[in-house]
Amino acid sequence: MAYKARNIVFSMVTIRIVFERYNYAIIIHIIQRKETPITSQEIDTLEDNLDKLPSILGNTEWTITGGIAAQINHGSWYRNPGNVNISVHEDTLFEIAEHVHTKAGYRLLSRHWQARILPGIKRETYEVPRWNEQSLARAYPNLRFIRFEKETPVQNRSFLDFIDVHVYRVVQHRYQYSPKFNHDTVESLDGNKESPAILLTYAEQNTSYQTRSGTVLQVRGLEYMHKVKHWLIKEERDKTGIHAFDLAKLEEARQYRAIHSI
C-alpha cells in the first residue's frame with residue numbers, strides 16, 4: 001500500500017485544540033499474561049471484544065499484532081491475551097486517532113513513567129503527544145488509546161479500555177552500485193535503535209481472521225510475528241516468559257504448514 005506524507009503543521013494544531021488537558025495520572029491493575037489455557041467463557045468474551053474493534057478504530061488501515069496475532073496464526077486460542085495490540089503506519093496514525101476520539105471516546109496518550117504502588121496495582125503518567133515529528137518520536141514507544149469517561153481516563157476495568165499502538169514506517173534501502181541488495185523494510189518507531197527491521201514482504205503477508213459474528217480483521221502474518229517474538233525474547237533476555245511461549249506455538253504452526261504444503 002502506498003502512503004503519502006501528511007501535513008504535520010496542520011495536524012499539530014488540530015490535536016492540541018481537541019484536548020483541554022495535556023497530562024493524566026492513572027491507577028491501573030497490572031495485566032498478568034499467563035500460559036494457562038483459555039476457558040470457553042474467556043474465548044466468548046475475547047470474540048465479543050474483537051467484534052467491537054472496527055467501530056472503535058474505524059476503517060483506516062490498522063492490523064492486529066501481539067499475542068492475539070500469534071494465536072490466530074497458530075490456529076487456536078491457547079491463552080487469554082492481556083490486551084489488544086495494533087500495528088499502524090505513521091501516515092495513518094492521525095486519522096485513526098481522530099476517529100477513536102470523536103466516535104468511540106478514546107484518546108491517544110503517551111506513557112511517561114510507571115511505578116508499582118501495591119501488589120497488582122501501579123501508577124502511570126500519560127501526556128497528550130504534540131503532533132510534530134520530534135515530539136512524536138519521543139512518544140512512539142508508549143502510545144496507547146485509552147477510553148475516557150466524563151473527561152477522565154478509565155482504569156482498565158475491561159479488555160478494551162486500553163489499546164496499545166505500535167507505529168511503523170517503510171524504509172527503502174537502495175544501493176546505486178549493488179542493486180541486487182535493494183530491499184524494503186518495516187521499521188518500528190519505538191525509539192530503540194535495536195528494534196528489528198523486518199522485510200516488507202513479511203509485512204505484506206498479513207492474514208485475516210473472521211470472528212463468530214462475521215467481522216473480518218487484518219492480522220500480522222506468521223513469519224512477521226515469528227520475527228517479532230524472537231526479537232522480544234532477545235530484548236527482554238527472557239527465554240521462559242510469555243514471548244517464548246508464543247514463539248513455541250508459532251514454531252508449531254510453521255511445522256504444520258511445512259508438512260501440509262508438501
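The values are calculated or read from the model by the stated rules, or taken from the named source; none is laboratory data. If you're wondering where the values come from, they're calculated on a predicted model, not measured in any experiment. Neighbour counts are summed over all protein chains in view; Cβ atoms, including those assigned to glycine, are modelled from backbone coordinates with ideal geometry. The protein model used for the area step is the full one, side chains on, heavy atoms only, and it has no ligands, DNA or RNA in it. Shrake-Rupley method; radii C 1.70, N 1.55, O 1.52, S 1.80 Å.
Some points to look at:
- In this entry, residue 61 passes the filter for residues that are under 18 Å from the mean Cα position of the chain (by Cα) and open to solvent by 30 Å² or more (accessible area, probe 1.4 Å).
- Selected residue (only one of 93, 57 is in contact with a strand residue (DSSP E or B) (Cβ under 9 Å, 6 or more places away or on another chain), hydrophobic (A, V, I, L, M, F, W, C), modelled with pLDDT of 85 or more and farther than 17 Å from residue 215 by Cα): 93
- Filtering segment 203-221 to residues that are open to solvent by less than 50 Å² (accessible area, probe 1.4 Å), of a type in the set (A, V, I, L, M, F, W, C) and farther than 9 Å from residue 73 by Cβ leaves 203, 217.
- Checking each residue in segment 23-55 for being closer than 19 Å to residue 243 by Cβ and more than 22 Å from the chain's Cα centre (by Cα) picks out 36, 37.
- Qualifying residues in segment 107-131 (those that are touching a residue at least 40 places away in the same chain (Cβ under 8 Å) and more than 22 Å from residue 159 (Cβ to Cβ)) - the one most open to solvent (accessible area, probe 1.4 Å): 130
- Here the condition is being open to solvent by 10 Å² or more (accessible area, probe 1.4 Å), closer than 16 Å to residue 144 by Cβ and in contact (Cβ under 8 Å) with a residue 24 or more places away in the chain; of 104, 97, it holds for 104 alone.
One line per residue, one yes/no per condition, for (1) part of a strand (DSSP E or B); (2) buried (at least 18 other Cβ atoms within 10 Å of the Cβ); (3) at pLDDT below 90:
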position	(1), (2), (3)
156	no, yes, yes
172	yes, no, no
185	yes, yes, no
230	no, no, no
255	no, no, no
262	no, no, yes
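- Residues located in segment 234-244, provided they are surrounded by fewer than 18 Cβ atoms within 10 Å (Cβ to Cβ) and in a helix (DSSP H, G or I): 234, 235, 236, 244
- Pairs are defined by a Cβ separation below 9 Å, a sequence spacing of at least 6 or placement on different chains, a first member in segment 224-235 that is among the basic types (Lys, Arg), and a second member that is surrounded by 18 or more Cβ atoms within 10 Å (Cβ to Cβ) and assigned to a helix (DSSP H, G or I); the pairs so defined are 227/202; 229/70; 229/243; 229/246; 229/247; 229/250.
- Taken as a whole, the condition of being modelled with pLDDT of 85 or more, open to solvent by less than 40 Å² (accessible area, probe 1.4 Å) and not in a helix (DSSP H, G or I) applies to residue 26.
- Every residue from segment 73-94 that is small (Gly, Ala, Ser) and touching a residue at least 60 places away in the same chain (Cβ under 8 Å): 75, 87
- Enumeration of residues in segment 158-170 that are out of contact with any helix residue (DSSP H, G or I) (no Cβ under 6 Å at 6 or more places or on another chain), surrounded by 14 or more Cβ atoms within 10 Å (Cβ to Cβ) and assigned to a loop (DSSP other than H, G, I, E, B): 161
- Output for segment 91-114, where each listed residue is among the aliphatic types (A, V, I, L, M), more than 18 Å from residue 168 (Cα to Cα) and touching a Ser or Thr at 6+ places or on another chain (Cβ under 8 Å): 104
- Of all residues making up segment 43-54, the number that are open to solvent by 10 Å² or more (accessible area, probe 1.4 Å) and under 16 Å from residue 93 (Cα atoms): 1
- Check on residue 87, surrounded by fewer than 21 Cβ atoms within 10 Å (Cβ to Cβ) and of a type in the set (Ser, Thr, Tyr): no
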